[in-house]
Number of protein chains: 2
Amino acid sequence: MIYKIVKKSKKSKARLGLLNTAHGKVRTPFFMPIATKASIKSLTVKEVKKLGAEMILSNTYYNYLKPGKNIFKKFKGLHNFMQSSLPILTDSGGYQVFSLANLVKIKGDNIEFKSHLNGSKHILNPKKVIDIQVALNSDIIMVLDECVGLPIDKDNALLALKRTTRWAKISLDYKNKLNKENKIINKQLIFAIIQGANYKDLRLRSSKELVNMNFDGYAIGGLAVGESNDIMYKVLDYTIPTLPENKPRYLMGVGYPENIIEAVKKGIDMFDCVIPTREARHGKLYLKIKNNLNGNFYKTININNSKFKNDKSSINNTSLKDYSKAYLHHLFKINEPLSLRLATINNLEFYLTLMKDIRKDIKDNRL
Amino acid sequence: MIYKIVKKSKKSKARLGLLNTAHGKVRTPFFMPIATKASIKSLTVKEVKKLGAEMILSNTYYNYLKPGKNIFKKFKGLHNFMQSSLPILTDSGGYQVFSLANLVKIKGDNIEFKSHLNGSKHILNPKKVIDIQVALNSDIIMVLDECVGLPIDKDNALLALKRTTRWAKISLDYKNKLNKENKIINKQLIFAIIQGANYKDLRLRSSKELVNMNFDGYAIGGLAVGESNDIMYKVLDYTIPTLPENKPRYLMGVGYPENIIEAVKKGIDMFDCVIPTREARHGKLYLKIKNNLNGNFYKTININNSKFKNDKSSINNTSLKDYSKAYLHHLFKINEPLSLRLATINNLEFYLTLMKDIRKDIKDNRL
């Protein structure tokens, strides 16, 4: 069985589950640290695992451009290349190609674009994106989708939705064909991505069309693109009930700790977000201030603030208890590379501990 | 006893020793990884210790400018601030103030300068440099010296020598005074720095004057400033015999592995150099190719070279045996921060293993 629900909360729609991947079982709800370019900022996968990660995310678009598909064929996948003993989900790159690449044109099912790195011309399409992810040997393949920003008018949202549905069908059929031809080494799962912006009828249509195709799991895309929490939560409220109970649900690119808790309560099982690693780079630290998840259970500090110059207190009480805020302040002020590393460790540990706490609270019907 | 010679090689003037510091005994000959600004590039002291370091080096000039002496007073020293369980030697900053600062003027015993960071005006003098190092609570204090480049005419070399001698006397007297007044918490050792460029009579004079003052150890400064190996070795050949047998000898800022081996054979006990950490930043890796120290026992590679793009072989056979050269090549090509970390680990481990091998070879009279 791919996904098994172990327990449902009596207090909300939250659930505990076990997701079975080629590289091991993962407990849901979980959060994936981001290794966009086959590397988590200044940390090895071994180190991220120690902090509590059970799965990581990498990106098809970036890995396709550099180091390129052939490297992954040679290494028999991303796990060997980056030395990951953890399962890996690879994002399809749909979001990146539309937001990063230049001169993007859609012709039929082909996306023509120029690399944001060196201007070289490329074409991606649903099958090619599957081929790349088969070479990456990721545990979860995401289908190519068209992710639109918010707000967007309904006509364009519908166009993107139709394309996303068509591409999902092409992707699934092609992946099944490769499976039959024994061209896929490991069991690779494949997830579809529900689009439809913030139009209820479009979301329901997208969900219905994709659920009918019977994917291994379902992602909700096109959120966390600058909209308010209200809009995001409303979309979740009408979309999640349309998803099959017994399949994993993945909310892409979300979010702040309170967004994650809220989405878990609504029945989401999987998360990824750049926040902990990106904000670490700027010295924003996530710190627990309570032993439970009620109310304001955490705070953020900007370690660059001069008030930390003489602060002898520990960065946190766990992995960085030996190091003072004053020391980390100093490292940021002089741009020492250790600053990024310590801040990233702090933030990832915060997010991964949050997920542990969430799982415990679901178990105890507190969430 | 501050320094104890444990064994003299039967094959050269190399010696094995034990240097007693406030933070533990250190086996000579040793190499100090550089934590100029209270941080080793992307590594904690705990990690550097695991790679084999027994002592590290930090810098008075940098720490004085940022984070400043008061922080170190508050933390009761650099060890607490940066969490170093290893002994620390602090360079006096003489070299840095003359090479980095702006509008440097010497008036009497005061060096007036503007910070290279923000142009702020400062004065350093021998006593102030001791005060800062007392605040840093370093295990070995280096006296303020005037380090001149090579080549230099004899008149100017003599001027710098005279100043260095006068400043050494002021430093030692002042440090003894502080000791008597119980203003120094731990046992801090104090080393003098022999100058004199490549003029034999000046080097002998500098050595004689400083040895007469009875310091805890002696450094040879003003080398590794761009001169040939021949000049460096010649200076060592006539300077080392003038140094007391029973005190540690420190060759500052040297150097390549072959320079270190040669200097050990001539009787040097202590080394520091930016090479392993600085060259790591540019992707230059030091790799052992033999199990002994004869002939070409190592090679360097530039991991940026495209020939490593598909190289599945391990970076090294020790700490980084799990990671391929192709992966590190990829990390450098996309500027991932993990690249600096892995390369620094490789190079520091190479240098620290070199010192272990050197000590073993002295023990067995092979070097």
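The values are calculated or read from the model by the stated rules, or taken from the named source; none is laboratory data. Keep in mind that this is a model prediction, so the values were computed, not measured. Here Cβ is always computed from backbone atoms with ideal geometry, including for glycine, and neighbour counts include all displayed protein chains.
Check A:Arg27 against each of (1) over 16 Å from the mean Cα position of the chain (by Cα); (2) more than 22 Å from A:Arg278 (Cβ to Cβ); (3) not acidic (Asp, Glu) and name the one condition it does not meet.
Unmet condition: (1).
Looking at (1) more than 13 Å from every other protein chain (Cβ to nearest Cβ); (2) in contact with a Phe, Trp or Tyr (Cβ under 7 Å, 6 or more places away or on another chain); (3) among the hydrophobic types (A, V, I, L, M, F, W, C), find the lone condition where B:Ile358 falls short.
Checking B:Ile358 against (1) more than 13 Å from every other protein chain (Cβ to nearest Cβ); (2) in contact with a Phe, Trp or Tyr (Cβ under 7 Å, 6 or more places away or on another chain); (3) among the hydrophobic types (A, V, I, L, M, F, W, C), the one that fails is (2).
Sort out which residues of segment B:296-312 are of a type in the set (S, T, N, Q) and assigned to a loop (DSSP other than H, G, I, E, B), and write them in order of number.
Residues satisfying the conditions are B:Asn296, B:Asn304, B:Asn305, B:Asn310.
I'd like to check which strands (runs of 3 or more DSSP E) are fully inside segment B:150-255 and have at least 2 residues that are modelled with pLDDT under 95.
Details: elements: B:189-194, B:217-220, B:249-251.
Once the strands (runs of 3 or more DSSP E) in segment B:150-255 are filtered for at least 2 residues that are modelled with pLDDT under 95, nothing remains.
Just one of (1) in contact with a helix residue (DSSP H, G or I) (Cβ under 9 Å, 6 or more places away or on another chain); (2) of a type in the set (Lys, Arg); (3) under 15 Å from B:Gln83 (Cβ atoms) trips up A:Lys333, so point out which.
Just one mismatch for A:Lys333, condition (3).
For B:Ser120, are the conditions met, namely being closer than 19 Å to B:Leu189 by Cα and more than 14 Å from chain A (Cβ to nearest Cβ)? Before the answer, list the steps.
Details: closer than 19 Å to B:Leu189 by Cα: no; more than 14 Å from chain A (Cβ to nearest Cβ): yes.
No; evaluated as a whole, the condition is false for this residue.
Could you list, in sequence order, all residues of segment A:109-123 that are β-branched (Val, Ile, Thr) and either exposed (fewer than 13 other Cβ atoms within 10 Å of the Cβ) or assigned to a helix (DSSP H, G or I) (or both)? Give the steps one after another, and end with the answer.
So in segment A:109-123, the residues β-branched (Val, Ile, Thr) come out as A:111, A:123.
The answer is A:Ile123, and nothing else.
Which residue pairs have Cβ atoms under 7 Å apart, sit 6 or more places apart or on different chains, and have a first residue in segment B:28-46 that is facing another protein chain (nearest Cβ under 7 Å) and a second that is assigned to a strand (DSSP E or B) and small (Gly, Ala, Ser)?
B:Ala38/B:Ser58
Within segment A:326-333, identify whether any single residue is in a loop (DSSP other than H, G, I, E, B), within 10 Å of chain B (Cβ to nearest Cβ) and over 28 Å from A:Ile268 (Cα atoms), and answer yes or no.
First, pick out the residues of segment A:326-333 that are in a loop (DSSP other than H, G, I, E, B): none.
Within segment A:326-333 (the criterion being in a loop (DSSP other than H, G, I, E, B), within 10 Å of chain B (Cβ to nearest Cβ) and over 28 Å from A:Ile268 (Cα atoms)), the answer is no, since none of the residues qualifies.
Go through segment A:166-181 and count every residue that is over 20 Å from A:Val211 (Cα atoms) and of a type in the set (Lys, Arg).
Here is the first cut: in segment A:166-181, the ones over 20 Å from A:Val211 (Cα atoms) are A:178-181.
When the remaining residues are screened for being of a type in the set (Lys, Arg), the result is A:180.
The number of residues fulfilling the criteria is 1.
Among the numbered criteria (1) hydrophobic (A, V, I, L, M, F, W, C); (2) under 29 Å from B:Lys265 (Cα atoms); (3) within 12 Å of another protein chain (Cβ to nearest Cβ), which one does B:Met82 miss?
Status for B:Met82: all satisfied but (2).
In segment B:256-269, which residues are assigned to a loop (DSSP other than H, G, I, E, B) and within 14 Å of the chain's Cα centre (by Cα)? Walk me through it before giving the result.
Keep residues of segment B:256-269 that are assigned to a loop (DSSP other than H, G, I, E, B), which gives B:256, B:266-269.
Within segment B:256-269, B:Tyr256, B:Ile268, B:Asp269 meet the criteria.
Please tell me if A:Leu100 is under 30 Å from A:Lys162 (Cβ atoms), touching a His at 6+ places or on another chain (Cβ under 6 Å) and either away from every other protein chain (no Cβ under 11 Å) or surrounded by 17 or more Cβ atoms within 10 Å (Cβ to Cβ) (or both).
Numbers: under 30 Å from A:Lys162 (Cβ atoms): yes; touching a His at 6+ places or on another chain (Cβ under 6 Å): yes; either away from every other protein chain (no Cβ under 11 Å) or surrounded by 17 or more Cβ atoms within 10 Å (Cβ to Cβ) (or both): yes.
Answer is yes for this residue.
Check B:Leu320, B:Leu352, B:Leu287, B:Leu293 and return the single one that is more than 14 Å from every other protein chain (Cβ to nearest Cβ), in a loop (DSSP other than H, G, I, E, B) and either touching a helix residue (DSSP H, G or I) at 6+ places or on another chain (Cβ under 8 Å) or modelled with pLDDT of 95 or more (or both). Can you show your working first?
Working: B:Leu320 fails: more than 14 Å from every other protein chain (Cβ to nearest Cβ); B:Leu352 fails: in a loop (DSSP other than H, G, I, E, B); B:Leu287 fails: in a loop (DSSP other than H, G, I, E, B).
Just one listed residue meets the conditions, B:Leu293.
Given the structure, is A:Ile240 over 20 Å from the mean Cα position of the chain (by Cα) and either among the β-branched types (Val, Ile, Thr) or within 14 Å of chain B (Cβ to nearest Cβ) (or both)?
Values: over 20 Å from the mean Cα position of the chain (by Cα): no; either among the β-branched types (Val, Ile, Thr) or within 14 Å of chain B (Cβ to nearest Cβ) (or both): yes.
Answer is no for this residue.
Among the residues of segment B:221-248, write down those that are aliphatic (A, V, I, L, M) and under 16 Å from B:Tyr3 (Cβ atoms).
Of everything in segment B:221-248, those that are aliphatic (A, V, I, L, M) and under 16 Å from B:Tyr3 (Cβ atoms) turn out to be B:Ile240, B:Leu243.
Exactly one of (1) within 21 Å of B:Pro87 (Cα to Cα); (2) touching a Leu at 6+ places or on another chain (Cβ under 6 Å) is unmet by B:Gly196. Its number?
(1)
Hey, any hits in segment B:314-321 for a residue that's surrounded by fewer than 17 Cβ atoms within 10 Å (Cβ to Cβ) and farther than 25 Å from A:Glu47 by Cα?
no
Can you pull out every residue in segment A:179-212 that is surrounded by 16 or more Cβ atoms within 10 Å (Cβ to Cβ), in contact with a helix residue (DSSP H, G or I) (Cβ under 9 Å, 6 or more places away or on another chain) and closer than 20 Å to A:Ile132 by Cα?
Initial filter on segment A:179-212 (surrounded by 16 or more Cβ atoms within 10 Å (Cβ to Cβ)): A:184, A:188-199, A:202-207, A:209-211.
If we keep only those that are in contact with a helix residue (DSSP H, G or I) (Cβ under 9 Å, 6 or more places away or on another chain) too, we end up with A:184, A:188, A:190, A:192-199, A:202-207, A:209-211.
Matches in segment A:179-212: A:Ile184, A:Gln188, A:Ile190, A:Ala192, A:Ile193.
Considering only residues that are under 30 Å from A:Gly217 (Cβ atoms) and out of contact with any Lys or Arg (no Cβ under 9 Å at 6 or more places or on another chain), which ones fall in segment A:276-293?
Of everything in segment A:276-293, those that are under 30 Å from A:Gly217 (Cβ atoms) and out of contact with any Lys or Arg (no Cβ under 9 Å at 6 or more places or on another chain) turn out to be A:Pro276, A:Glu279.
Is it the case that some residue within segment B:337-347 is surrounded by fewer than 17 Cβ atoms within 10 Å (Cβ to Cβ), polar (S, T, N, Q) and away from chain A (no Cβ under 11 Å)?
Taking segment B:337-347 as the starting set, the residues that turn out to be surrounded by fewer than 17 Cβ atoms within 10 Å (Cβ to Cβ) are none.
No, because not a single residue in segment B:337-347 is surrounded by fewer than 17 Cβ atoms within 10 Å (Cβ to Cβ), polar (S, T, N, Q) and away from chain A (no Cβ under 11 Å).
Inside segment A:296-312, can you point out the residues that are away from chain B (no Cβ under 12 Å) and not β-branched (Val, Ile, Thr)?
First, pick out the residues of segment A:296-312 that are away from chain B (no Cβ under 12 Å): A:296-305, A:307.
Across segment A:296-312, the qualifying residues are A:Asn296, A:Phe297, A:Tyr298, A:Lys299, A:Asn302, A:Asn304, A:Asn305, A:Lys307.
Of the residues that sit in segment A:83-142 and are of a type in the set (Ser, Thr, Tyr) and over 12 Å from A:Tyr61 (Cβ atoms), which one is modelled with the lowest pLDDT? Even if it seems obvious, please write down each step before you answer.
Step one: filter segment A:83-142 for residues of a type in the set (Ser, Thr, Tyr), giving A:84-85, A:90, A:92, A:95, A:99, A:115, A:120, A:138.
Checking which are over 12 Å from A:Tyr61 (Cβ atoms) leaves us with A:84-85, A:120, A:138.
Values: A:Ser84: 98, A:Ser85: 97, A:Ser120: 94, A:Ser138: 98.
Out of the qualifying residues, it is A:Ser120.
Give the residues of segment A:217-245 that are surrounded by fewer than 21 Cβ atoms within 10 Å (Cβ to Cβ) and under 18 Å from A:Leu172 (Cα atoms), sorted by residue number.
If the condition is that a residue be surrounded by fewer than 21 Cβ atoms within 10 Å (Cβ to Cβ) and under 18 Å from A:Leu172 (Cα atoms), then A:Leu243, A:Pro244 are the ones that fit.
Name, by its number, the condition in (1) in contact (Cβ under 8 Å) with a residue 12 or more places away in the chain; (2) touching a strand residue (DSSP E or B) at 6+ places or on another chain (Cβ under 8 Å) that does not hold for B:Gly24.
(2)
Could you check how many residues of segment B:57-73 are more than 11 Å from chain A (Cβ to nearest Cβ) and either buried (at least 24 other Cβ atoms within 10 Å of the Cβ) or modelled with pLDDT under 95 (or both)? Step through it out loud before you land on a result.
Going through segment B:57-73, the residues more than 11 Å from chain A (Cβ to nearest Cβ) turn out to be B:57-61, B:64, B:69.
Going one step further and asking which of them are either buried (at least 24 other Cβ atoms within 10 Å of the Cβ) or modelled with pLDDT under 95 (or both), we end up with B:57-58, B:60-61, B:64.
Final tally of qualifying residues: 5.
Looking at segment B:304-319, I want the residues that are within 16 Å of B:Tyr351 (Cβ to Cβ) and have a partner that is acidic (Asp, Glu) with Cβ atoms under 9 Å, at least 6 apart or on another chain. Which pairs are those?
B:Ile315/B:Asp322; B:Asn316/B:Glu349; B:Thr318/B:Glu349; B:Ser319/B:Glu349
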